[in-house]
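Contents: one structure, followed by commentary.
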């Protein structure tokens, strides 16, 4: 896949840290993984996008240490990536929501700043994926047929076939919170995603807040009804990727991650039931 046809995006926010306005971020520590992400992206993508969730205190107390340090992260990320010549779009967001607003901001920015790009790789900052891994993932993507191809990760209910061909797929599976691709590392058809975006159902605005997330399930199910011939979903084993969940820097952050993983099935079920779609959606698992 030519680099001009692919852009990569990530999100960073501090809402799970419960920081107070008088506290401040360690700017250098926050920048290190962001700069490493942008450097890796430059090896395989036309550009990178970073959505930065500025803490809510920034709007109430714009001169607080927390707000100043958050905006310093944004400013330095822009400055240091510009000095390398890499194409990096940094999006500071005051209205972070729960999951979906930042994703749709990235979709809109990708379509606007990189009009030649066809694919959008959504990647968590904790995932390390080099050019070879992304090339492998892209090789499984059938443009014009697939909506999303994601990497199988720990916690997935991954059920590929055991055929001799590495690209052979197993049976079509029902879409749920553990069979779906996750935006932890997932390659999307940007042109198609830009038509509708991620449904706000993923933020559970009219449901219990605990049902938010796993937005991939409702998105795939909706697209498969709107565009049934061009919205296939795949999950595949990708060699050479690393998910650094053991490196979370606080017990609270690790606990949040564990709760999020454990509740993926329930959250997806609640959203799909509320959505009222005629069909649940399907996914194929590919080696």
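The values are calculated or read from the model by the stated rules, or taken from the named source; none is laboratory data. If you're wondering where the values come from, they're calculated on a predicted model, not measured in any experiment. With ideal geometry, Cβ positions are generated from the backbone for all residues, glycine too; neighbour counts draw on all protein chains shown.
Scan the stretch 203-216 and tell me whether some residue there is in contact (Cβ under 8 Å) with a residue 60 or more places away in the chain, in contact with a strand residue (DSSP E or B) (Cβ under 9 Å, 6 or more places away or on another chain) and not assigned by TED's automatic domain parsing to the domain that holds residue 51. The answer is yes, given that some residue of the stretch 203-216 is in contact (Cβ under 8 Å) with a residue 60 or more places away in the chain, in contact with a strand residue (DSSP E or B) (Cβ under 9 Å, 6 or more places away or on another chain) and not assigned by TED's automatic domain parsing to the domain that holds residue 51. Based on this model, can you work out whether residue 139 counts as surrounded by fewer than 21 Cβ atoms within 10 Å (Cβ to Cβ) and either touching a strand residue (DSSP E or B) at 6+ places or on another chain (Cβ under 6 Å) or under 19 Å from residue 48 (Cα atoms) (or both)? Here the answer is no, as residue 139 does not meet what is asked.
Scanning the stretch 107-121 for residues that are closer than 17 Å to residue 41 by Cβ and not in a helix (DSSP H, G or I) gives 114, 116, 117, 118, 119, 120, 121. Can we say residue 137 is within 14 Å of the chain's Cα centre (by Cα) and under 30 Å from residue 31 (Cβ atoms)? No; evaluated as a whole, the condition is false for this residue. I'd like to know if the stretch 217-231 contains one or more residues that are touching a residue at least 12 places away in the same chain (Cβ under 8 Å), surrounded by 17 or more Cβ atoms within 10 Å (Cβ to Cβ), within 18 Å of residue 276 (Cβ to Cβ) and touching a helix residue (DSSP H, G or I) at 6+ places or on another chain (Cβ under 6 Å). Looking for residues that are touching a residue at least 12 places away in the same chain (Cβ under 8 Å), surrounded by 17 or more Cβ atoms within 10 Å (Cβ to Cβ), within 18 Å of residue 276 (Cβ to Cβ) and touching a helix residue (DSSP H, G or I) at 6+ places or on another chain (Cβ under 6 Å), one finds at least one in the stretch 217-231, hence yes. The residue list 107, 7, 73, 88 contains one member that is buried (at least 17 other Cβ atoms within 10 Å of the Cβ), at pLDDT 95 or above and within 28 Å of residue 208 (Cα to Cα), which is 107.
Tell me, please, whether a residue that is closer than 30 Å to residue 36 by Cβ, assigned to a strand (DSSP E or B) and outside the structural domain of residue 36 (by TED's automatic domain parsing) can be found in the stretch 221-233. Among the residues of the stretch 221-233, at least one is closer than 30 Å to residue 36 by Cβ, assigned to a strand (DSSP E or B) and outside the structural domain of residue 36 (by TED's automatic domain parsing), which makes the answer yes.
Per-residue answers, yes or no, for (1) in contact (Cβ under 8 Å) with a residue 60 or more places away in the chain; (2) closer than 28 Å to residue 239 by Cα; (3) in the same structural domain as residue 216 (by TED's automatic domain parsing):
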residue: 78; (1), (2), (3): no, no, no
residue: 85; (1), (2), (3): no, no, no
residue: 92; (1), (2), (3): no, no, no
residue: 96; (1), (2), (3): yes, no, no
residue: 101; (1), (2), (3): yes, no, no
residue: 107; (1), (2), (3): yes, yes, no
residue: 110; (1), (2), (3): yes, yes, no
residue: 122; (1), (2), (3): yes, yes, no
residue: 131; (1), (2), (3): yes, yes, yes
